Amino acid sequence: MPHTPYLTPQTPVRAIFLDLDDTLCAYWDASKAALKETFANHAPEGVSPEQMTRAWAEAFRKFSPDLKKTDWYPTYLKTGGVTRIEQMRLALLELGYDDPERAKALGDSYGFLRDQNLQLFPEALEFLVAIKAKYPLGVMTNGPADIQRQELQTLGIENYFDVFLIEGELGFGKPDPRVYQSGFDQMAAKLPGLMPEEILMIGNSYRHDILGAMHAGWQTAWVRRPSDFAPSATEPETKPKEAPDPTYEIGDLRGLIAQGV
């Protein structure tokens with residue numbers, strides 16, 4: 001994919017926010033590897049890892065989209081382990097197994113192995129070093145507080161950020177306008193006179209990262225990687241028809257360095 005901007009920025013960037021999962025690190029690659037090993041080791045006898053993965057994907061499609069509207073959400077904000085185990089329980093039920101004990105073993109294994117497999121994208125650290133020398137940085141990430149903090153620690157990148165906006169700590173996540181307002185307010189406290197259009201949001205999700213930042217008046221960089229889709233999907237996210245273009249559309253973070261960011 002060519003590293004070209006859709007729109008030419010008119011205002012110099014003064015601060016940058018980055019999404020975490022599948023923007024800086026290969027979350028779904030780690031997830032798929034962890035599921036494969038977990039199901040090979042802990043699936044019911046006679047059930048293949050492929051069968052378990054299909055059942056997990058079906059449970060994910062039913063459980064995750066409306067999670068924020070359920071009684072599970074307050075627990076999810078604090079810790080991802082409980083809902084991770086519940087999803088494994090639902091996956092087993094898809095196959096006809098009512099086995100809470102096995103669901104816990106599956107959930108615990110998956111969480112551990114996903115963290116073990118998590119890695120930065122090859123260019124991510126170089127990119128962070130380069131932009132940290134020029135701008136204050138914030139991380140803006142959805143997910144449970146404990147998991148997102150653990151990911152930052154596992155990846156060794158906590159010290160690159162001046163502002164942390166984590167769904168589990170805020171009580172709400174992207175694309176809620178309050179997330180972007182909080183990001184602006186915290187950056188404006190560090191950069192007097194900061195204007196919304198002087199902030200650049202870098203993320204992999206058009207719906208969560210890009211559109212929300214556009215509505216806040218920020219510049220945007222949409223990172224589109226071929227590996228960026230969940231085990232419950234078959235292809236990466238696409239931009240809805242007639243939706244506005246981001247400032248940049250790039251195949252990896254090096255595209256922004258090439259554009260002088």
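Values quoted throughout were computed directly from the atomic coordinates according to the rules given, and no laboratory measurement underlies them. Only a predicted model underlies this, so the values are computations on that prediction, with no experimental measurement involved. Positions of Cβ are generated from backbone atoms using ideal geometry, with glycine treated the same way; all protein chains shown enter the neighbour counts.
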Label point distance in nm, residue 133-residue 33, each placed 7 Å from Cα along Cα→Cβ: 3.0 nm
R0 of 25 Å, Cβ-Cβ distance residue 101-residue 66: FRET efficiency to nearest 0.05: 0.40
Region 159-230: mean projected area of Cα convex hull, nm²: 5.6 nm²
Amide H contacts under 5 Å for residue 143, placed H, 5+ residues apart: 167, 168
Electrostatic dipole magnitude of the chain [Cβ: Lys, Arg +1; Asp, Glu -1; Cα centre; debye, to 20]: 320 debye
Equivalent-ellipsoid semi-axes of region 71-180, from the Cα gyration tensor, Å, largest first: 32, 18, 10
Equivalent ellipsoid dimensions for region 122-261 as semi-axes, Å, which come from the Cα gyration tensor, largest first: 21, 19, 18
Cβ crowding within 10 Å averaged over residues, with 228-237, 17-26 ranked highest first: 17-26, 228-237
Relative contact order of region 79-233, defined on C-alpha pairs under 8 angstrom at six or more residues apart (%): 15 percent
Value of Rg to Rh for the chain (Rh from inverse mean 1/r over Cα pairs, i.e. Kirkwood): 0.99
Spacing of the two label points (7 Å from each Cα toward its C-beta) at residue 207 and residue 126, in nm: 3.4 nm
Cα-based reach from residue 36 at 26 Å (exclusive), listing lysines while leaving out same-chain residues under 8 positions away: 62, 104
